[in-house]
Amino acid sequence: MKIFEYLSSLSQNELEDLYQDQWTCKAILRTLPPRAKQYILKMLMIDYPIPISSAKEWTSSTSMQTHKEALKKLFDLKIILLNRSYQQSVSDSIRLNPIYQDNIKKSLADMNQTVFTTQKETNKAPTIEALDAFSKSQWEKVLYFLSDEQTKPSPLISELLLTADLTKPDNGSLSITSEGFKFLLKDVYTQIWTLLIVYLNNNTPEKKKDLLTFLFKLSFLQLGKGYLVSNLNDLQKELLMDLKQFGLIYMVSNQSVAFYPTRLIISLTTGKTLSLFQNIAAEREISQKEQGYIILETNYRLYAYTSSSLQISLLSLFVKMLYRLPNLAVGIITRESIRTALIHGITADQIIEFVRHNAHPNAVNNGHPIPDVVAEQIKLWEAERNRIGYTKSVLYNSFPTTDCYNATVKFAQEQDFYIYSNDSNKTLIVNENGNDPIRTFIRRNFG
Amino acid sequence: MENNSIANNIDEDDDTSLLVIIVDCNIYSWGNREKLLKEGTLNDEKKTYITFSKFLEHLMVFINAYLMLNQENQLSVLCSKIGKSEFLFPNHTANDPLYSEKTIQEQILHKLQNMDLNNINETEERNISSSFSAAMSMALCYISRIKKATPTIRPRIVVFNVSPDVSAQYISVMNCIFSAQKQSIPVDCCILSQTDSTFLQQASHLTNGVYLKPQNQQQLTQYLLSTFLIDTYSRKFLAYPTLKSVDYRASCFCHKKIVDIGFVCSVCLSIFCKYSSSCSTCGTKFSLKIELPKKTTTANNTTTVIGGGNQSATASTK
């Protein structure tokens, strides 16, 4: 998730500032992978550091890898703090960040949880469908702008796109960069976060914190309900206006008393489209209709059941489009079309992931959203372009004895530094990380 | 990053679940406990017992934590009272379909707190057992309804139990357990009384659920957060307590007594505590006269198959 990358890049002080807010703590909790969530709750009521070895007992022995990943994520976010012990007899211990722990505890005991005051029921409130349509059209405007230069989004958005290096000035107009191409193929939440993070970085650190907190708070709102603008502070109001341009917030006009969150903003922190409990079946119908439209056959033909010119222009990044019918576009994946995409900086994985994300429900139900043969071929076409790999390395030669040479080669292989060696002229090449260890190894044993 | 289409995210890192909580609200069991606590006549082990209102506090923290874990987590709370069980949440009579998180907790708490008063007059004095089997069947029906709408959801049942087993409900409870097993719905049991529950032991054993009798009920929240909050997805890779020994004793079909040794009809496998010449369930006549074995306390969990025709005389079930 983009947001984790961003949060992990913050310093401990900045993160702890963020953790002062209950809603932020909660929002982060539910964004974490399931295992990390469970760990936090296991440690929640323990107020003293526990030895890191006892954390191992939580997991089954078969999944140590994910166990470590989960812990690392929590360390990165400074949710779990590591107490290094300087005595041999006592092992390192871990504990929850007290600020974070306290806030989660508080929110667990809190029975009356409201984020913002809701507006009284009115008949003017937009329907959920209207909200969905609004956010969709707003966000598509941004994407349209990237994919063809005809349309013009609001100054704020084009400014952001420019700062994010997604577009670059080109003879007075803006044209898309290779980053921009990659951006187009990502899912909508990553796209939004990319822009939001650029937006946040444009602000001062204090403001940044308040804005992030506000964003997290927004994700606790309910779809289809109106919330009063008057209860927000000035900074929040300012952000609200900007979020409106993203299509994340709906307001009838800039002077309206109430704002309506859209599905996008509510699902933003979890990165998963929120489904409404009441009408899941209907929901699924809609989401399938909207999301899955690509059928890719083993003969490299691609059928896109869509009338959206945005989706077609996205596809044409890596597909040679052949025909266009009212509800269907047909294209073919060729070596040339994939190479064009690769030259633009799009990777094979991104293409495959994109097709998989947008596969037609029928293709998904068959179990093959993308045929293996096509996926493999796309990867091969990519590999074609990378026939030479570069590794920074260090060359050792003129070893004093064969023993010394053999021992060093063995050591390098064991430590995973080894790249190449030639026995006849006693040459050894190791990667960059290996330089220091090998030098000390030689010095210690043969120096 | 995550795929948006519902059909695709089966294998993904997804812990969205449907939790059905069955709370034992047997007023006699809770009342009795409260009385004992007030008198202070409890032995050391029972001293950590908690009252109903304290229990509610722990339960609410648990519910809060559950809802906090995932935006899409779904919840249902049932209570099994004396002679009746009902939904506390979702409340089907409420006309407002949209609820906020706040009202979930408030609705449940409101219902649970107001329950004691309106219930006590209705109950007959003789019948003091809670209707666990009814609550269990309601839970399963509810789950199957939700599953129809969202096939990918991972359902789970958590039972909080205080009152003793009712052997009269043996057949219906076992049927529920088997149906839960068939749909792979884990039944987690939290036993708040001193005695183990045979039914719930079997339930959690057969469905791969958690069976836990907290040693120190004052710290119930820690048990709930560290063990009962683990969703079905995370169970694949997290350690959680399971049962070591399970009491498999069955109760007989004729007098609903729990039996160590009994008689089993060779045709329909009904269990009886006394020998009779014909099966009351399927009507098979047992022609063979057999030597009745002496009941011994050491031969636990043994049942005798009554010879129907040329069947062998004894067999042991597990």
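So here's what we get for this one:
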| read-out | value |
| --- | --- |
| Ellipticity estimate at 222 nm from DSSP helix runs (n ≥ 4, -39,500 (n - 2.57)) divided over chain A, nearest 500 | -15000 deg cm²/dmol |
| Karplus 3J(HN,Hα) series, Hz, for segment B:207-220 with 6.51 cos²θ - 1.76 cosθ + 1.60 (x for Gly, Pro) | 9, 6, x, 8, 10, 9, 10, x, 5, 10, 6, 4, 9, 3 |
| Solvent exposure, largest accessible area first (probe 1.4 Å, DNA, RNA and ligands not counted), of B:His205, A:His360 | B:His205, A:His360 |
| Contour excess over end-to-end distance, with Cα ends at A:Ala383 and A:Ser91 and 0.36 nm allotted per residue | 100.5 nm |
| Kirkwood Rh in Å, taken over all unlike Cα pairs in segment A:393-446 | 10.7 Å |
| Check: segment A:287-385 dipole with +1 on Lys, Arg Cβ and -1 on Asp, Glu Cβ, in debye | 260 debye |
| Solvent-accessible surface ranking, highest first, for B:His110, B:His58 at 1.4 angstrom | B:His110, B:His58 |
| Approximate shape of segment A:1-140 as ellipsoid semi-axes (Cα gyration tensor, √5λ), whole Å, largest first | 37, 18, 15 |
| Cα lying deepest toward the dipole's positive end in segment B:14-236, options B:Ile104, B:Ile63, B:Ser184, charges on Cβ | B:Ser184 |
| Cut-off under 5 Å, modelled amide H: who pairs with B:Ile22 long-range | B:Leu78, B:Val158, B:Val159, B:Phe160 |
| Label-to-label distance, nm, for residues given as A:Ile343 and A:Asn365 (7 Å Cα→Cβ offset) | 4.1 nm |
| Relative contact order [Cα under 8 Å, 6+ residues apart], chain A, whole percent | 12 percent |
| Lys/Arg +1, Asp/Glu -1 at C-beta; chain A dipole; positive extreme among A:Leu428, A:Pro34, A:Ile52 | A:Ile52 |
| Between segment B:189-259 and segment A:319-367, the Cα center-to-center distance that results, in Å | 51 Å |
| Linear extension gain, A:Asn327 paired with A:Lys124, 0.36 nm per residue minus alpha-carbon span | 69.7 nm |
| Considering only segment B:138-287, percent of DSSP beta bridges that pair antiparallel, nearest 5 | 40 percent |
| Cα centre as origin, Lys/Arg/Asp/Glu Cβ charges: chain A dipole, Debye | 420 debye |
| Rounded FRET efficiency, nearest 0.05, which uses the C-beta distance separating A:Ala133 from A:Asn201 and R0 of 45 Å | 0.90 |
| Projected label distance in nm at A:Ser393 and A:Ser256, using a 7 Å step from Cα toward the beta-carbon | 6.2 nm |
| Computed E for B:Lys38/A:Glu69 - FRET, C-beta separation, R0 41 angstrom, nearest 0.05 | 0.20 |
| Alpha-carbon centroids, segment A:1-36 and segment A:372-418: separation in whole Å | 38 Å |
| For chain A, the longest site-free run once GluC sites (Glu not before Pro) in DSSP loop states with at most 15 other Cβ atoms within 10 Å are removed | A:298-447 |
| Chain lengthening between A:Asn435 and A:Thr298 when straightened (0.36 nm per residue, less Cα-Cα) | 44.5 nm |
| Qualifying trypsin sites (Lys or Arg not before Pro) for segment A:41-147 [loop in DSSP, other Cβ within 10 Å: at most 15] | A:Arg84, A:Lys120, A:Lys124 |
| Overall Cα dimensions of chain A, principal axis frame, Å, largest first | 89, 63, 48 |
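The values are calculated or read from the model by the stated rules, or taken from the named source; none is laboratory data. None of the values given here were measured: they were computed from a predicted structure. Positions of Cβ are generated from backbone atoms using ideal geometry, with glycine treated the same way; all protein chains shown enter the neighbour counts. Quick note on the areas: whole protein, heavy atoms, side chains included, nothing else; ligands and nucleic acids left out. Shrake-Rupley method; radii C 1.70, N 1.55, O 1.52, S 1.80 Å.
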